[in-house]
Amino acid sequence: MLSVLSYGRIVARAVLGGLSQTDGRDYSLITASCGFGKDFRKGILKKGMCYGDDACFIARHKSADVLGVADGVGGWRDYGVDPSQFSATLMRTCERLVKEGRFTPSSPVGILTSGYYELLQNKVPLLGSSTACIVVLDRRSHRLHTCNLGDSGFLVVRGGEVVHRSDEQQHYFNTPFQLSIAPPGAEGVVLSDSPEAADSSSFDVQLGDIILTATDGLFDNMPDYMILQELKKLKNTNYDSIQQTARSIAEQAHELAYDPNYMSPFAQFACDNGLNVRGGKPDDITVLLSIVAEYTD
């Protein structure tokens, strides 16, 4: 199901391409979301901010804006487990922690860790695995704090170039780092990483910076240069423009995923690992597109 969601009740002023830093102003993110479930063509719909087995959240707190994406590991379906339940519950839990103020803006891995351990202690049975990426903009310091576990991730674009990006974490080909809850007795068999293993980074951002946070369904099907071509169409910071661009990126990735003759980034990565693969990679796709703007409540 194609869906577009925007977030925020703010008046924002920003100039695309970046401005020099100024001290006294708080920053915020204007964010739109768009995505497809892999089973979109079969007419399977998901409730909330979920696209197939992917899940995401956009949360606002007085001190920070926080974004998250997660990709449920589809292999659980072979064991009768709905992979979307784990990713959706993880993102909902992280979102609630942010809205309750139970986080430190400089530690997104703290949000991920608290959310995961809450799932582990949950009295409601939950099984599954998920990658996760959380991005936090500290309003006052103008710093972006990130953590990424697995092969979801983010790009920061300034002046038409990628200036920051997450590092992908793979145990081996097509096996990303992941948080897991295994059935009793299977803890040693199911691949499970610690949230503290997430790759973390912090850096300054500028007004007009573009932040794209997405699951691997985007990055496996669209190389940077294609993403940058789409982002060039983003001419201003109103919600409609951001939504339209997020939709355009998600739609293009979705189309390429089903092109058998396209040499996708995933196919190239497979070839680099000795596999003869061509075409896109059908997958759930989640795109959060944000612009750094001046915050006025």
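The values are calculated or read from the model by the stated rules, or taken from the named source; none is laboratory data. Here the structure is a predicted model, which is why all the values come from computation and not from measurement. Virtual Cβ from ideal backbone geometry, glycine too; neighbours counted across all protein chains shown. Heads up: the accessible areas ignore ligands, DNA and RNA and are worked out on the full protein's heavy atoms, side chains in. Shrake-Rupley method; radii C 1.70, N 1.55, O 1.52, S 1.80 Å.
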In nm, what is the difference between 0.36 nm times the number of residues separating LEU120 and THR296 and their Cα-Cα distance?
59.5 nm
Please compute the per residue accessible area over the chain with all protein chains in place, 1.4 Å probe, rounded to a whole number of Å².
44 Å²
Packing-wise, with mean Cβ within 10 Å as the measure, how do 184-191, 61-68 rank, highest first?
61-68, 184-191
Expressed as a percent, the accessible surface of segment 189-297 that is carbon or sulfur, using a 1.4 Å probe and the full set of protein chains, is 48 percent
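Could you sort the peptides 223-235, 129-141, 151-163, 169-181 by per-residue average Cβ neighbour count (10 Å cutoff), highest mean leading?
Values: 223-235: 14.7, 129-141: 25.2, 151-163: 19.2, 169-181: 17.2.
Taking the mean over residues of other Cβ atoms within 10 Å, the ranking is 129-141, 151-163, 169-181, 223-235.
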So, how do all the Cα-to-Cα distances of the chain break down into 10 Å bins, in percent, from 0 on up?
7, 30, 37, 21, 5, 0
Among all the aspartates and glutamates, which ones have a C-alpha under 18 Å from LYS235's C-alpha, if same-chain residues fewer than 8 places away are not counted?
GLU161, ASP209, GLU294
Under the helix-only model (-39500 (n - 2.57) for each DSSP H run of 4 or more, divided by the residues of the chain), the mean residue ellipticity at 222 nm, to 500 deg cm²/dmol, is -7000 deg cm²/dmol
GNM top mover of LEU112, LEU120, LEU275 - the chain, alpha-carbon springs below 10 Å
LEU275
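Within the accessible area of segment 102-173, what % is carbon and sulfur when the probe is 1.4 Å and the other protein chains stay in place? Can you show the working numbers first?
Numbers: 1440 of 2980 Å².
Roughly 48 percent of what the probe reaches on segment 102-173 is carbon or sulfur.
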